[in-house]
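Presented below is the structure to which this report refers.
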Amino acid sequence: MTSADSSVFETTRPASADYLTRLAASDAGRDYKGRMLDALDLRAGVAVLDAGCGPGTDLPALAEAVAPGGTVIGVDRDQEMLDGAAARTAARPCVELRRGDLHALPLDDAVVDRARTDRVLQHVDDPARALAEFHRVLRPGGRLVMGEPDWDTLAVDHPDPALSRAYTRHITERVVRNAAIGRQLARLATGAGFRVPEVMPVTQVFRDVRSADRVFGFERTTRRAVGAGYLTEAQAAEWLDHLAHGPFLASATLYVVVAEA
């Protein structure tokens, strides 16, 4: 399948670190990440965990918020991501980086005051087990802030709504492991022993197809949808042609959930 307009859509998948870095710098990324930072209620001297820290895009802001005297612990299972995080935080001695998995965090019990995880639980094998780990490492009264999308809420305007529904269904059924995790967070956190005082839906609206494509990867995802039988070649061409040349609008909802140990 060829692109309806190769000048509009990315044809190759960006490296994971590059994707996370540019998402953090986008308007949508800055919006929900700012809400997460506010919800953490950080102050000088506290210890905060960034679980699934990736290339460390959020670590400098956390380090600034807990200075002086605080500690930031970034955990990721990917050494390449940790190498990028180390370069990003080289001038911040309060940042510690550890390789580990969210299902078995490399921390002792009750050692952090705050924890965050950002768009990671949608990919893990067992979100409930990861939440139990967060509860274990947080001190009593500690706070966890999570940000996760609900991919069922992805809505892309198209003259044929069936094509949009097929595209979204492909993502929820074949692409993202825990596609409905956003709506499930409050229930799962309660089951792990947390109290959940606040749930904030953050709906991101895109009016520019190029900006949206840098988040959603329309052409390469559509190519996978054709291969999986959700769209025909003709439907895919019709879908992409309208996205590239027609008035564009897409939206999706991400949930920021506050949980207290």
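The values are calculated or read from the model by the stated rules, or taken from the named source; none is laboratory data. Every value quoted in this text rests on a predicted model; they were computed, and no experiment measured them. Positions of Cβ are backbone-derived with ideal geometry, glycine not excepted, and every protein chain shown enters the neighbour counts.
In a strand (DSSP E or B) and under 14 Å from Phe216 (Cα atoms) - does that describe any residue in the stretch 158-171?
no
Looking across the stretch 10-56, just one residue is more than 21 Å from the chain's Cα centre (by Cα) and modelled with pLDDT under 95, and that is Thr11. Per the listing Thr168, Thr232, Thr153, the residue uniquely under 23 Å from Thr11 (Cβ atoms), modelled with pLDDT of 95 or more, hydroxyl-bearing (Ser, Thr, Tyr) and touching a strand residue (DSSP E or B) at 6+ places or on another chain (Cβ under 9 Å) is Thr168.
Tell me yes or no: at least one residue of the stretch 132-153 is surrounded by fewer than 15 Cβ atoms within 10 Å (Cβ to Cβ), on the phi < 0 side of the Ramachandran plot and aliphatic (A, V, I, L, M).
Scanning the stretch 132-153, I find no residue that is surrounded by fewer than 15 Cβ atoms within 10 Å (Cβ to Cβ), on the phi < 0 side of the Ramachandran plot and aliphatic (A, V, I, L, M), so the answer is no.
Filtered by the rule that a residue be surrounded by 17 or more Cβ atoms within 10 Å (Cβ to Cβ) and either outside any helix (DSSP H, G or I) or of a type in the set (Phe, Trp, Tyr) (or both), the stretch 211-229 gives Phe216, Gly217, Phe218. Of the helices (runs of 4 or more DSSP H) that lie entirely inside the stretch 1-107, those containing 3 or more residues that are surrounded by 13 or more Cβ atoms within 10 Å (Cβ to Cβ) and touching a strand residue (DSSP E or B) at 6+ places or on another chain (Cβ under 8 Å) span 27-40, 59-66, 79-88.
Filtering the stretch 100-116 to residues that are among the small types (Gly, Ala, Ser) and closer than 13 Å to Thr71 by Cβ leaves only Ala115.
Scanning the stretch 172-194 for residues being touching a helix residue (DSSP H, G or I) at 6+ places or on another chain (Cβ under 8 Å) and either without any contact (Cβ under 8 Å) to a residue 24 or more places away in the chain or under 27 Å from Thr222 (Cα atoms) (or both) gives a total of 7. Scanning the stretch 108-131 for residues that are buried (at least 17 other Cβ atoms within 10 Å of the Cβ), acidic (Asp, Glu) and more than 13 Å from Val257 (Cβ to Cβ) yields a single hit, Asp113.
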